[in-house]
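Right, one structure below, let's go through it.
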Amino acid sequence: MKKLLFSSLVLLAFSANAQEADEIKPAAKGVVYGTVVNEDNAVSVNDLTNKLTNGTFEGKLSGKVKEVCQTMGCWMKLEKADGTTLMVKTKDHAFFMPKDIVGKTVVIEGTASVKEETEAKQKHYAEDAGKSKEEIAKIKGVKKEVQFAATGVKVMD
């Protein structure tokens, strides 16, 4: 009986998450994911490095979405002028973003900090992004990078 009850709870939790992912609003000007974000005082993603204090930044950033998780929409990457990207994760998986957010300019709110990503985690993100097996195989070693934990995302265009 305990196994049946446990299995039912797991199934219910899984279906609730699946349902939430299906109900994500398409990306359009003014749509907010997570907590409400206004664009006042947003810093360009290109200026983030200069705004870090002791390896952290708390506030708002603006940038263009280059990539988004194709599995659930739990992360995205903002492109920078130098061709690199900033990894943006939804804090505590509290919300998800649609696949059609790629190419949109957004304002995000939350905290940036320097993190180390394991090779396994980097490969996981590459799989989520739909990268080829060849691209995934090229990922080697631990990577230190600035990442952003977003509490909210607002589509600007």
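Please treat every number below as a calculation from the coordinates, not as lab data. Note that the coordinates shown come from a computational prediction; the quantities given were computed from them, not determined experimentally. Cβ atoms come from the backbone with ideal geometry, glycine included; neighbour counts cover every protein chain shown.
Taking the longest Cα principal axis of the chain as reference, the axis of helix 2-22 is set at about 40 degrees. Could you work out how far helix 119-128 tilts from the main Cα principal axis of the chain, as a 0 to 90 degree angle to the nearest 10? Roughly 80 degrees, rounded to the nearest 10.
Lys and Arg at +1, Asp and Glu at -1: add these up for the other residues within a Cβ distance under 15 Å of Lys29 and post the number.
Numbers: positive: Lys25, Lys64, Lys104, Lys154; negative: Glu39, Asp100, Asp157.
Its environment carries a net charge of +1.
Our coupling estimate for region 73-90, obtained by passing each phi through the Karplus curve with A = 6.51, B = -1.76, C = 1.60 and θ = phi - 60°, is x, 8, 8, 8, 10, 9, 8, 10, 4, 7, x, 7, 10, 10, 6, 10, 10, 7 Hz, Gly and Pro reported as x. In this simple spin-label approximation, Ile136 and Thr71 carry label points 7 Å from Cα along the Cα→Cβ vector, and these lie 1.0 nm apart. With the convex hull constructed from alpha-carbon coordinates only, the chain shows a mean projected area of 11.1 nm² over all directions.
Magnitude of the charge dipole for the chain, about its Cα centre and with charges confined to Cβ atoms of Lys, Arg (+1) and Asp, Glu (-1), is about 360 debye.
Within region 56-157, DSSP assigns beta bridges of which about 90% are antiparallel (rounded to the nearest 5). Take every Cα pair under 8 Å whose residues are at least 6 apart in sequence, average their separation, divide by the length of the chain, and the relative contact order is 30 percent.
Close amide H partners of Ala129, meaning residues 5 or more places away or on another chain with modelled amide H under 5 Å apart, are Gln70.
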